[in-house]
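Structure record follows, encoded as structure tokens.
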Amino acid sequence: MNPSAPTLDPAEAARFEKLAQLWWQADGPFWPLHRLNGLRVGYIRDRLAGYFNRAATAGAPLAGLRLLDIGCGGGLLSEAMARLGAEVHGVDVVEKNIRIAERHAQASGLAIRYEWTGAEDLLARGESYDAVLNMEVVEHVADLPLFMRTCAGLVRPGGMMVVATINRTWASFLGAILGAEYVLRWLPKGTHQWRKFPSPEELRALLERDGMRLVGRTGVGMNPWHRTFRLIRYEGINYMLVAVKD
């Protein structure tokens, strides 16, 4: 399906279209996502397992849970969730991303449902999920309030949403844009637009407006010398929020 929705930003989609072939190059332009993925997978697993009364250390702790990975890209997070036993539906507005994700999952022997579509299309046809993973997407959409309302509508009653993004602070401008894109050149120039970064409180207000209750939050810190990430209290640059629909 060709996604066409008011939250779709054509310029952002075109930018990621050009980078699509590089998703699975661990040392390529998406290396920060590869490093972040390891940290996020453990955090998401533990939050989902705790909320849904699962043993996080079990062989397939997320078995039986239906998960949506919005803006799945090449499938880094989708594959990790599938390996934990979840039934994963990965969607992206960039068709090339979906094709790459499909090929990689097939080669990895993973049964993941990928689809070239957007959140609005899913909501229109009545899709519903135990958990919605909304990772590094909100800073790229054209209409954040509408996008968040749509995502909340895809969470079933009793379900969970995890959101990850970058805060709109001077620290994030210096670190995530000036430092990462222009000085160290870890990311392609133009990957992010500082004005589109939402603060944690802005996202919290949108989540609560749409019937979601915040139950967890954490900052994410980086060691630039070792290129490693860790969970921290400071949310001034990267952060994650966890919300549930009672």
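Spin-label model, residue 214/residue 125: points 7 Å from Cα along the beta carbon direction are separated by 3.4 nm.
Just to confirm, what accessible area per residue do you get for region 190-246 at 1.4 Å probe, in whole Å²? Display every interim value, and only then the final one.
Details: 3030 Å² over 57 residues.
With all protein chains present, region 190-246 gives 53 Å² per residue.
Applying a DSSP loop filter and a limit of 14 other Cβ atoms within 10 Å to the trypsin sites (Lys or Arg not before Pro) in region 40-149 leaves 125. Of the residues 128, 199, ranked by 1.4 Å probe accessible area with the largest first, the sequence reads 128, 199. Packing here is the average count of other Cβ atoms within 10 Å per residue, and on that basis the peptides 114-124, 159-169, highest first, run 159-169, 114-124.
Backbone phi angles across region 140-150, fed through the Karplus curve with coefficients 6.51, -1.76 and 1.60 (θ = phi - 60°), yield HN-Hα couplings of 10, 8, 7, 9, 4, x, 5, 4, 5, 5, 5 Hz in residue order; Gly and Pro are listed as x.
The values are calculated or read from the model by the stated rules, or taken from the named source; none is laboratory data. Treat the numbers as computed from the prediction; the structure is a model and nothing was measured. Here Cβ is always computed from backbone atoms with ideal geometry, including for glycine, and neighbour counts include all displayed protein chains. Keep in mind that these areas ignore ligands, DNA and RNA; they rest on the heavy atoms of the full protein, side chains included. Shrake-Rupley method; radii C 1.70, N 1.55, O 1.52, S 1.80 Å.
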